[in-house]
Amino acid sequence: MLTFAELIGRIRQMVVEEVRNGEWTERGLARRVGMSQSHIHNVLSGARILTPPTADRIMQGLALSVLDLIQEADLTPGAENASRD
């Protein structure tokens, strides 16, 4: 079963990868979601946790939905049992 904490972790990981790949800069992302660049930097570097309200702002600013965070393995019956083995 996919947890809320895992979804928040996926948001962070997705944004970290997009910044690393050059799709976004921290500054551009901060402007897009209406936050300070330093706060975005601290969230992406792990110095601050990604809170649900911040995750919501990022998702809204990047036009993401929860469906964008779900992976095929999450939809496979018994996937949660296979990952625990």
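A short reminder: the numbers here are calculations on the coordinates, not readings from a lab. Not measured: the values here are computed from a predicted model. Heads up, the Cβs are rebuilt from the backbone with ideal geometry, glycines too, and the neighbour counts pull from every protein chain shown.
Rounded to the nearest 10 degrees, the inclination of helix 4-20 to the longest alpha-carbon principal axis of the chain is 50 degrees. The magnitude of the dipole of the range 1-72, with charges of +1 and -1 set on the Cβ of Lys/Arg and Asp/Glu and taken from the Cα centre, is near 340 debye. Average 1/r across all pairs of distinct alpha carbons in the range 19-61, invert it, and you get the Kirkwood radius: 10.3 Å. Starting at 0 and stepping by 10 Å, how many percent of the alpha carbon pairs of the chain end up in each bin? Taking every Cα pair in the chain, the percentages come to 16, 48, 24, 10, 1. Each of Q13, Q60, T25 was scored by the projection of its Cα onto the charge dipole of the chain, and the greatest displacement toward the positive side belongs to T25; charges sit on the C-beta of Lys, Arg, Asp and Glu. The angle between the Cα long axis of helix 52-61 and the main principal axis of the chain comes to about 70°, on a 0 to 90 degree scale.
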